[in-house]
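Accompanying notes for the structure given below.
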Amino acid sequence: MRIIMLGPPGAGKGTQAVRLAQRLGVPHVSTGDILRRNVADRTKLGELAQSYMKAGKLVPDDLVIEMTAARLRERDAQKGFILDGFPRTIPQATALEGLTRIDAVVSLFLDPEDLVKRSTGRRICPNCAAVYHVHTNPPKKEGRCDKCGSGLVQRPDDKEDVIRGRIRTYEEQTSPLIGYYKEKGLLRDVYASGLIEEIHQRILEALGA
Ligand code: AP5
């Protein structure tokens, strides 16, 4: 299946995308993770993207479209994918139509104050990109990744003022995609409050999977 995870920052797109990808046996393609990897590796793309990401702004469409198109051309993505964080603008959505077909768009929604709580408590593994939360989804050993043992860090864009800016950016530039995909009959709304496993079940139900 070719699925898009849509939703504001902190809604749980990445957390749910990882589970869904495992369940369906397709890769999890996160544009945020690919960009963060490029920043860490100091690539040309990472250098160009870094200032936008730090400020909670969207990276320019042309850069992100080219990067995502290259990832979707890879062999493992030919059998399907869970696309997390792309598209985020109408031009990205129209570019995606030229690259592949989409079967469904899961739109996660949550109260804005809950989005802020989830993002401020998030910790990530800089090595394998696993995601934790200090209260709701802690690692087994404090500050250490369960999967690879690396030290966990807070994302630079997870400071409260930046998070509130990212939520505004989502409302202004990304939320129009809800109507766009609704019109195409692809949208599956899923309430993103509750236990991680409960939300996973809601998503499977919404997809009829
Ligand atoms: P990106 O990494 O995609 O960030 P985002 O969309 O803002 O989403 P988040 O990663 O913040 O949240 P999420 O919904 O994945 O939540 P998560 O599962 O982690 O993008 C970062 C930046 O890159 C952008 O700002 C932009 O600059 C750039 N970028 C990326 N793609 C782009 C594009 N297409 N175009 C232009 N620019 C682009 O969960 C959040 C926390 O909550 C975690 O701690 C988790 O453990 C916890 N949690 C999850 N579910 C639950 C639950 N049910 N109960 C309790 N806690 C939970």
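The values are calculated or read from the model by the stated rules, or taken from the named source; none is laboratory data. If you're wondering where the values come from, they're calculated on a predicted model, not measured in any experiment. As a convention, Cβ positions derive from the backbone with ideal geometry for all residues, glycine included, and neighbour counts pool all protein chains shown. These area figures cover heavy atoms from the full protein model, side chains too; ligands, DNA and RNA do not enter into them. Shrake-Rupley method; radii C 1.70, N 1.55, O 1.52, S 1.80 Å.
Listed values, structure above:
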read-out	value
Residue within the stretch 91-107 that is within 12 Å of the ligand (Cβ to nearest atom) and either in a loop (DSSP other than H, G, I, E, B) or open to solvent by 60 Å² or more (accessible area, probe 1.4 Å) (or both) present	yes
One residue from LYS141, LYS147 being more than 8 Å from the ligand (Cβ to nearest atom), closer than 24 Å to GLN201 by Cα, part of a loop (DSSP other than H, G, I, E, B) and not acidic (Asp, Glu)	LYS147
ARG188 at negative phi, in a helix (DSSP H, G or I), surrounded by 12 or more Cβ atoms within 10 Å (Cβ to Cβ) and in contact with a helix residue (DSSP H, G or I) (Cβ under 7 Å, 6 or more places away or on another chain)	no
Residue list for the stretch 142-180, restricted to those being out of contact with any strand residue (DSSP E or B) (no Cβ under 9 Å at 6 or more places or on another chain) and farther than 25 Å from VAL59 by Cβ	GLU142, LYS147, CYS148, GLY149
Residue pairs meeting the criteria (Cβ under 6 Å; at least 6 apart or on separate chains; first in a strand (DSSP E or B), in the stretch 110-133; second aromatic (Phe, Trp, Tyr) and surrounded by 15 or more Cβ atoms within 10 Å (Cβ to Cβ))	ARG123/TYR132
Elements of type helices (runs of 4 or more DSSP H) in the stretch 11-67, at least 3 residues being in contact (Cβ under 8 Å) with a residue 24 or more places away in the chain and either more than 10 Å from the ligand (Cβ to nearest atom) or open to solvent by less than 70 Å² (accessible area, probe 1.4 Å) (or both)	13-24, 31-40
Which listed residue is open to solvent by 60 Å² or more (accessible area, probe 1.4 Å) and under 18 Å from the mean Cα position of the chain (by Cα), from ARG123, ARG155, ARG166	ARG123
Count - residues of the stretch 164-198 that are farther than 23 Å from MET53 by Cβ and without any contact (Cβ under 8 Å) to a residue 60 or more places away in the chain	9
